[in-house]
Amino acid sequence: MSLNRESLFRSLALMALLVFAVAGCKDGGTESAASPDASPDAGTAALAAPANLRVAIGADRITLRWDPVAGAEGYRVYWNQSGQVTVHDAWLDLPDGQLSYLHRDLLPGQRYHYRLAALGGDAPGQLSAEIGVILPDGATASSLASDRAP
C-alpha cells in the first residue's frame, strides 16, 4: 500500500510542475506581468514610439498620419472604441514607408481611439500617445464643411 501512496505523491508532484510550466511561470515564479502599454517583448531594446500622431476626419472615415521612426520596417495601428488602447486591442500592420492609415466605413457619432507602434526586428516598438476622435454625425459634418467654405 505504501508503494501506491508513493506513486500517488510522485504523480501529484509531476502534475503540479506541469501546471506551473503551463501557467507560464518562469524562474521560480518571479516573472512580472507586462504593462498593457508595453510592447509584447518589453525586455529588448524597442524602437521609439511614432510621434506627431494626427487625424483628418471625413463623413465615415478617419485618416491617421504620423512622423517616421528611424529603423522602422513598418507600423502597427492599434485601435478600439472605448479608450485606453493597449497591445491587446484590434490591430493592423502597415508596410514600411506608409505613414498614414485610412480607417473607413465608420459609424457617425462613435468614438475611435488609436495608438501606433513601429515594427522592426522581432517585436513592435514602444506605443505612441493615444489619440481619440468622435466621428461627427451627418449634420455636424456638413456644418463643418460649410464653415470652411470661402
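The values are calculated or read from the model by the stated rules, or taken from the named source; none is laboratory data. Every value quoted in this text rests on a predicted model; they were computed, and no experiment measured them. Glycine also receives a Cβ, built like all others from the backbone with ideal geometry; neighbour counts cover every protein chain displayed. When the accessible area is computed, the model is the full protein with side chains, heavy atoms only, and any ligands, DNA or RNA have been set aside. Shrake-Rupley method; radii C 1.70, N 1.55, O 1.52, S 1.80 Å.
Odds and ends about this structure:
- Number of the condition not met by Ile57 [criteria: (1) out of contact with any helix residue (DSSP H, G or I) (no Cβ under 9 Å at 6 or more places or on another chain); (2) open to solvent by 20 Å² or more (accessible area, probe 1.4 Å)]: (1)
- Complete set of residues in segment 93-146 that are open to solvent by 70 Å² or more (accessible area, probe 1.4 Å), within 28 Å of Ala72 (Cβ to Cβ) and either at pLDDT 95 or above or not in a strand (DSSP E or B) (or both): Asp96, Arg104, Asp105, Arg111, Asp122, Gln126, Ala129, Glu130
- Scanning segment 66-92 for residues that are part of a loop (DSSP other than H, G, I, E, B), open to solvent by less than 40 Å² (accessible area, probe 1.4 Å) and closer than 18 Å to Pro136 by Cα yields one hit, Gly83.
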